[in-house]
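The structure appears below as structure tokens.
Throughout, read-outs are computed from the coordinates displayed, never taken from laboratory work. None of the values given here were measured: they were computed from a predicted structure. For neighbour counting, all protein chains shown are included, and Cβ atoms are generated from backbone atoms with ideal geometry for every residue, glycine included.
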Amino acid sequence: MTCRRPTIALTGFALLLLSCTNSQDGVVMADPSRQTERDAMVADQIVPRGITDPGVLAALRRVPRHRFVPDSHARFAYADRPLPIGHGQTISQPAVVAFMTEALALQGREKVLEIGTGSGYQAAVLAELASRVFTIELVEPLAKQAAQRLAELGYVNVIVRAGDGYRGWPEEAPFDAIIVTAATDQVPQPLLDQLALGGRLILPLGASFQKLTLYRRTKDGYERTDLIPVRFVPLLHDDRQPHTGTP
């Protein structure tokens, strides 16, 4: 395998990943460290929660979660718990990542939008299952760190943007799937507008406590399904801009 040095090109407010890849087939480089812990996490924590999608289970076995948490918390990387990643934000517990990802029913051809990049772990899981992933993080230092981390791991199908996720990514719309990894009491209207016909949007909806809620766009509007109770950090946005949405 021969790889070029991973770099990040900052263009406007998008962080474009130019990543280290396998020169023959473009496969993301596997990180074999702590593989036994990942296997145990899936067997003991994910499968018992009812996650059955083979692709999701394989992605969780493959993505090195310890690379997406601060060194001070790396020993807890494969426990089923959220962990702080700085700037008042957290990385979601693996079971929630698995549940949200499975709900999107990805088949490998989709273009996915993630709101709330955080450490980049969810984006990496999505990148294992989708054709292209666009992910937005308002906290610029987190966006830069996530972009660098994803580049180092060889994810060439992810683009990270530092910006306001409430606005979505209109120039890349429509999206087959949209995932919001922070809590809001209303669905931002731009995200609904940017969902493709038949596309799915999942987000934690509510104030102090939330329910994961799935929207599916149909020719007549949107179908809503309430899923499981969760608790997420609030979705950050630029208060200087007006926002509208659907409860």
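A few points about this structure:
- The modelled label-to-label distance between D185 and F209, using points 7 Å beyond Cα along the C-beta direction, is 1.6 nm.
- Amide H contacts of R161 (H built 1.01 Å from N, in plane; Pro and chain starts excluded): L15, T135, I136, E137 sit under 5 Å, all sequence-distant by 5 or more or on other chains.
- Sorted fewest first by neighbouring Cβ atoms within 10 angstrom, T213, T101, T117 come out as T213, T101, T117.
- Total charge dipole magnitude, the stretch 7-246, about the Cα centre, Cβ charges on Lys, Arg, Asp, Glu only, Debye to nearest 20: 220
- Straight-distance candidates among the lysines for linking to K144, with alpha-carbon spacing under 26 Å and chain neighbours fewer than 8 residues away dropped: K111.
- Packing-based exposure ordering (other Cβ within 10 Å, fewest first) of M41, M100: M41, M100
- Overall form of the stretch 108-189 per C-alpha gyration tensor (a/c, 1.5; a/b vs b/c): oblate
- Residues in the stretch 122-140 reached by a label modelled at Y222 [backbone nitrogen below 19 Å; 7 Å Cα→Cβ]: 136
- Order of R81, R217 - criterion: other Cβ atoms within 10 Å of each residue's Cβ, fewest first: R81, R217
- Once backbone amide H atoms are built at 1.01 Å from N, I91 has L83, I85 as its partners under 5 Å, excluding neighbours fewer than 5 places away on the same chain.
- Shown in residue order for the stretch 161-168 are the 3J(HN,Hα) couplings computed by the Karplus curve 6.51 cos²θ - 1.76 cosθ + 1.60 at θ = phi - 60°: 10, 8, x, 8, x, 4, 7, x Hz (x for Gly and Pro).
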